[in-house]
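Here is the structure we will look at.
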Amino acid sequence: MSFILNAPWIAVQAEQLLAQRGHAWLLSGPSGLGQYDLALSLVSAWLCEKPAPQGACGVCGSCHAIQVRTHADLCVLMPETVMLELGWPLSEKAQDEIDKKTRKPSREIRVDAMRDAVEFSQRTNARGQGKAVLVYPAERMNNITANALLKTLEEPPGDVKFVLATESAHQLLPTIRSRCLAHTMRWPDTLQALSWLADQGFDGPEAEVLLHAAGGRPADVLRQAASGQTPAWWSSFPQAMARGEVAALSDLNPSQAIDALQKLSHDLVLRQSRAAPRFFSSDTLPKSKASLSTLTGWYKRLTTAARSSEHPFNAGLMLEALASEARLAITATH
Ligand SMILES: [Zn+2]
């Protein structure tokens, strides 16, 4: 499921990066800007049999092999949960373990997968266009896997190129960052983003509400829409939270709920500081007498909660606690 590959702002960046030499790129920026898609554009062009300055031809044997996820000279290094989500096949051994329920798909890039990648980069290439390793999201490497990758980046075995894509560059080892050419993802302007969203079936004023809700990051619009966050829901969400209505959170999992609440507290902090809200339109925000320190305290507690939200012991209880905390913060009188 590749959302954004042909978006104009990705194509421009691909052409710029392809014009430069470099055997390792680090693409960074917040979620929703398309770093995975840009990374895939780069490896496709590197491995293409007839690449143009704009990128891969899209029709040769190599391009086809990437489209069907079976290119022998491409190694994708991702957490298993992300591989499954993006439609990349797992190694036979990993798939077998998951099928037999010996373990769950991993949320980190596994040491085994890194070992395979190091071995891959030392092999001779199969199709004659060199080899490529795509790492995403690169911040999901632990210290062991990151150090193994670092060794390969320091002594690259000739014909292999790397692209690392991340949504949290600050979580990467500084030594990894320093071994790569850095590229900061460009933001699409609103018109580009809206016209791309229209192609995906979101248009009119609703698309604007959704883009606003996603902080201007188009791929996040699709992600949020997939989790049931409609424009009507988004517009009514701040008032519902001022009333502590847990039902407004019931379609979300805890991390989605925390994300939405962080945006709400962020906007209330902005309004308190006399700045324009970023995610909600002003007229949907509830009146609040809460002080700046109450609101920032709430925001900080949400940030802490976000770290443990992937494995809450009881999701229902967590949502209730989140809704009641939201009400307390918004209706606070100091
Ligand atoms: Zn091609």
>> Looking at (1) over 21 Å from the mean Cα position of the chain (by Cα); (2) open to solvent by 40 Å² or more (accessible area, probe 1.4 Å); (3) in the same structural domain as LEU317 (by TED's automatic domain parsing); (4) charged (D, E, K, R), which one does ASP267 not meet, given that it meets all the others?
In response: (2)
> Looking at this structure, is ASP96 outside any loop (DSSP other than H, G, I, E, B), more than 16 Å from the ligand (Cβ to nearest atom) and buried (at least 19 other Cβ atoms within 10 Å of the Cβ)?
Replying inline: no
>> Which of the numbered conditions does PRO277 fail, given that it passes all the others? Conditions: (1) in contact (Cβ under 8 Å) with a residue 40 or more places away in the chain; (2) closer than 19 Å to ASP220 by Cβ.
In response: (1)
> If you go through the range 162-170 one residue at a time, do you hit one that is over 29 Å from CYS60 (Cα atoms), charged (D, E, K, R) and open to solvent by 10 Å² or more (accessible area, probe 1.4 Å)?
Replying inline: yes
> Based on what the data block shows, is ASP37 in contact with a Lys or Arg (Cβ under 8 Å, 6 or more places away or on another chain), assigned by TED's automatic domain parsing to the domain that holds SER106 and closer than 19 Å to LYS161 by Cα?
Replying inline: no
>> From the list VAL43, VAL68, VAL59, VAL76, exactly one residue is surrounded by fewer than 20 Cβ atoms within 10 Å (Cβ to Cβ), hydrophobic (A, V, I, L, M, F, W, C) and more than 8 Å from the ligand (Cβ to nearest atom). Which is it?
In response: VAL68
>> Just to check your reading of the model, which residue among THR190, THR184 is within 23 Å of HIS23 (Cβ to Cβ) and among the β-branched types (Val, Ile, Thr)?
In response: THR184
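The values are calculated or read from the model by the stated rules, or taken from the named source; none is laboratory data. Bear in mind the structure is a predicted one, so any value in this text is a computation, not a measurement. FYI the Cβ positions are ideal-geometry reconstructions off the backbone, even for glycines, and counts take in every protein chain you see. These accessible areas exclude ligands, DNA and RNA; they are computed on the full protein's heavy atoms, side chains included. Shrake-Rupley method; radii C 1.70, N 1.55, O 1.52, S 1.80 Å.
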